[in-house]
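**Q** One structure, pasted below without further comment.
Every read-out reported here was derived from the displayed coordinates using simple, explicitly stated rules and does not represent laboratory data. This is a predicted model, so every value here is computed, not measured. We place every Cβ from the backbone using ideal geometry, glycine too, and count neighbours over all the protein chains shown.
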Amino acid sequence: MRTVFIPTQYTGKSDLGKIQLDKLPERIGIVTTAQFQNKTREIIQFLKKNDKKVFIDKLKQRHEGQLLGCDQGAALEAQDDADAFLYIGSGDFHPLGVAMATNKEVYLFNPATGVFSKFDSRQIEGYKKNKQAKYMKFLSAQNIGIMVSIKPGQYSYKKAVEIRDGLENKGKNCFIFVFDTLDASEMQNFPFIDFWVNTACPRIADDKDKKNVVDMSELKDF
């Protein structure tokens with residue numbers, strides 16, 4: 001099957017006046033996602049006109065400021081210059097990643113809805129508690145599915161084999177599953193699996209629809 005990627009971006013108007021400038025520090029880093037890349041320059045100019053010093057950078061991604069679920073490189077590259085970050089986009093998934101990676105305050109502006117807010121840092125503590133609770137459940141699980149993605153940059157079959165061998169030495173039953181795009185509903189086709197280990201994008205385990213998944217980075221005892 002041939003896959004064709006067609007990039008799409010938000011083309012509607014944005015009410016930049018909804019950005020609460022008085023809440024932002026003078027030195028602000030900019031991060032965003034692919035669908036709002038075309039709004040980034042407009043927002044940067046707005047901030048500069050209002051005496052803000054703006055910092056935007058990149059590490060692995062094509063565009064400056066661009067985030068992926070498993071890559072907060074844009075924020076890490078700008079963190080020494082910025083006192084806080086402004087995330088241009090929707091949802092809390094990416095802001096959580098930036099807050100965790102940089103330990104800095106993160107503000108959110110959704111160009112589509114005009115909603116401006118500050119990321120609630122208490123979510124970080126909740127995130128850590130949730131990961132610990134899932135890990136404790138994993139320890140008592142008997143049948144383990146190990147997920148391997150064939151996507152470029154995420155393929156970790158050798159690591160999956162190492163994890164399988166380590167878990168089986170602990171008395172668990174392990175099965176390796178190879179996939180391209182992970183659909184949580186497909187995981188339900190294997191009800192005999194008590195818990196899953198993710199070897200692909202490390203934040204797959206953070207998705208709300210994947211409650212019985214731990215990331216391989218958490219398996220320090222195996």
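**Q** Would you kindly derive the ³J(HN,Hα) couplings of region 123-128 from the backbone phi angles with the Karplus curve 6.51 cos²θ - 1.76 cosθ + 1.60 (θ = phi - 60°), listing them in order in whole Hz, with x for Gly and Pro?
**A** Calculated HN-Hα couplings, in order: 5, 5, 5, x, 4, 5 Hz.
**Q** How high is the relative contact order of the chain, in percent, with contacts defined as C-alpha pairs under 8 Å that are six or more residues apart?
**A** 16
**Q** Here's something else I'd like to know. Tell me, Ile193, Ile124 in order of fewest to most beta-carbon neighbours within 10 Å?
**A** Ascending Cβ contact count within 10 Å gives the list Ile124, Ile193.
**Q** Once both axes come from the Cα atoms, what is the angle between helix 37-49 and the longest principal axis of the chain, in degrees from 0 to 90, rounded to 10?
**A** With rounding to tens, the tilt is 40 degrees.
**Q** Counting only helical runs of four or more DSSP H residues, what would the 222 nm mean residue ellipticity of the chain come to if each run contributes -39,500 (n - 2.57) and the total is spread over all its residues?
**A** Per the formula, -9000 deg cm²/dmol.
**Q** If you take the beta carbon distance between Asn103 and Thr11 as r and set R0 to 41 Å, what does 1/(1 + (r/R0)^6) give as a FRET efficiency, to the nearest 0.05?
**A** Approximately 0.75, to the nearest 0.05.
**Q** Please compare each pair in Lys52/Lys131; Lys52/Lys129; Lys129/Lys151; Lys39/Lys220; Lys18/Lys58 to a cut-off of 32 Å on the Cα-Cα distance and tell me which ones are over it.
**A** Lys52/Lys131; Lys52/Lys129; Lys39/Lys220
**Q** Gaussian network model of the chain, Cα springs within a sub-10 Å range: biggest mean-square fluctuation belongs to which of Lys158, Lys39, Lys211?
**A** Highest fluctuation among the options: Lys158.
**Q** Within the set of other residues whose C-beta is less than 12 Å from the C-beta of Lys158, count the net charge using Lys and Arg as +1 and Asp and Glu as -1.
**A** Neighbour charge sum, excluding Lys158 itself: 0.
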